[in-house]
Amino acid sequence: MGWLAAGDTYEVALVEGRVVARSTPAESRTKSPAKPPGKVERTLPAEIRDRPEVLELQRFAEWLDRHAAECAAQVDHWMVSSLPVPTGLLARVWPDEAWQAALRDIVVVGAGPHEVGFLRDADETDGLRVVNLDGETVRLAAPTVTMPHPVLLPGLEELRAFAAESGAQQGVEQIHRATWLKPAGADGRAHSVTEFAGAEYRSWFHLSARATSLGYRISRSSVVDVVRDAGRIVTASVGMSDPYTEEKAWTGSLTWHHEDDHHSLPLSEVGPVAWSEGMRMAAALHAGRTVPADDAR
């Protein structure tokens, strides 16, 4: 994006997501190219902050931020749910920088388990181009691809090692997303996990603020995360203490239930994605707890 005149003495532009200004030399104002424009100001000069050119650029910057967040959220949803995504759709959105930032280097799987690689390009004519674990750029022509949740990715450790060696950086956390595998010796008849229960917060407000800042919802007296696992919608819930009877707040146990049934699932029926995402939520809430001064030393 080029520079726009903002009054007689300044020009403004959008640089790395923020509006910046530079002075316009007198020679430039008289159409003389004798001197280049002035240096970029550290802050917007007061005399142009309310000019329409500045306000429009600021609104555009805010829209770009929202758009980038929406693109990342959509890719995250595709990945967590391991949903099939049409390659034609990826090709159509790829020219958009925000979509490209969210999609680049996401691991996609094509028609077979061996069609796997880091996404590098998408074209409506040639399909997708990915870099495989041999370091080769190959074409995927499957009508749809998935971006599997990391607990479902074959060869996850190999993918992580290759990403480190090749410098691949994902805009949406996938291969380095924190994951939990259900312990082989877990009591399948149990209905809850208490590993992260009892995390203390200064108040219910602080606990709910921590939850929403992580992208989770508050439903009644629980922090919840809705996950698609093997085609079914599962809600993971971490209990919260009663805000009306307690001055402080504590997290409770972690449970899961199907969307059409509010009875908690036995752990034996909790799938790998729902288990991992539920444990990830519970661990993140536990990590934000109030740490007593004696324990912080």
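The values are calculated or read from the model by the stated rules, or taken from the named source; none is laboratory data. Only a predicted model underlies this, so the values are computations on that prediction, with no experimental measurement involved. Glycine also receives a Cβ, built like all others from the backbone with ideal geometry; neighbour counts cover every protein chain displayed. For the accessible areas, the whole protein counts, side chains as well, though only heavy atoms, and no ligand, DNA or RNA atoms are used. Shrake-Rupley method; radii C 1.70, N 1.55, O 1.52, S 1.80 Å.
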> Would you say Asp105 is surrounded by 13 or more Cβ atoms within 10 Å (Cβ to Cβ) and either part of a strand (DSSP E or B) or within 21 Å of the chain's Cα centre (by Cα) (or both)?
Replying inline: yes
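Yes/no matrix, rows are residues, columns are (1) over 14 Å from Ser192 (Cα atoms); (2) at pLDDT 95 or above:
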position	(1), (2)
Lys248	yes, no
Gly252	no, yes
Glu259	yes, no
His262	no, no
Gly278	no, yes
Ala282	no, yes
>> I'd like the full set of residues that are touching a residue at least 60 places away in the same chain (Cβ under 8 Å), open to solvent by 60 Å² or more (accessible area, probe 1.4 Å) and within 26 Å of the chain's Cα centre (by Cα), limited to region 248-282.
In response: Pro272
> Is it the case that region 219-235 has a residue that's outside any strand (DSSP E or B), open to solvent by 80 Å² or more (accessible area, probe 1.4 Å) and among the hydroxyl-bearing types (Ser, Thr, Tyr)?
Replying inline: no
> What number goes with the only condition from (1) surrounded by 14 or more Cβ atoms within 10 Å (Cβ to Cβ); (2) within 24 Å of the chain's Cα centre (by Cα) that Leu57 does not pass?
Replying inline: (2)
>> Of the conditions (1) surrounded by fewer than 16 Cβ atoms within 10 Å (Cβ to Cβ); (2) within 19 Å of Leu153 (Cβ to Cβ); (3) in contact with a strand residue (DSSP E or B) (Cβ under 8 Å, 6 or more places away or on another chain), Asp123 satisfies every one except a single condition; which number is it?
In response: (2)
> Just one of the numbered conditions (1) open to solvent by 60 Å² or more (accessible area, probe 1.4 Å); (2) modelled with pLDDT under 70; (3) of a type in the set (Ser, Thr, Tyr) is not true of Thr43; which one?
Replying inline: (2)
> With region 127-216 as the region, which strands (runs of 3 or more DSSP E) entirely inside it contain at least 2 residues that are more than 21 Å from Ser81 (Cβ to Cβ), in contact with a helix residue (DSSP H, G or I) (Cβ under 6 Å, 6 or more places away or on another chain) and open to solvent by 30 Å² or more (accessible area, probe 1.4 Å)?
Replying inline: none
> Pro25 versus (1) buried (at least 16 other Cβ atoms within 10 Å of the Cβ); (2) under 22 Å from Ala163 (Cβ atoms); (3) modelled with pLDDT under 90: which is the lone unmet condition?
Replying inline: (2)
>> If a residue must be open to solvent by 50 Å² or more (accessible area, probe 1.4 Å) and not in a helix (DSSP H, G or I), how many such residues does region 93-102 contain?
In response: 2
> If the Cβ limit is 6 Å and pairs must be 6+ apart or interchain, which residue in region 225-246 that is on the phi > 0 side of the Ramachandran plot pairs with which residue that is open to solvent by less than 30 Å² (accessible area, probe 1.4 Å)?
Replying inline: Ala230/Gly271
> Does Val80 satisfy the criteria of being at pLDDT 90 or above and open to solvent by less than 50 Å² (accessible area, probe 1.4 Å)?
Replying inline: yes
>> Please pick out the residue among Gly112, Gly117 that is at pLDDT below 90 and either in contact with a Gly (Cβ under 9 Å, 6 or more places away or on another chain) or open to solvent by less than 30 Å² (accessible area, probe 1.4 Å) (or both).
In response: Gly112
>> Here is a check on your reading of the model: is Glu11 buried (at least 16 other Cβ atoms within 10 Å of the Cβ) and at pLDDT 85 or above?
In response: yes
> Do we have any residue at all in region 278-289 that's assigned to a helix (DSSP H, G or I) and in contact with a helix residue (DSSP H, G or I) (Cβ under 7 Å, 6 or more places away or on another chain)?
Replying inline: yes
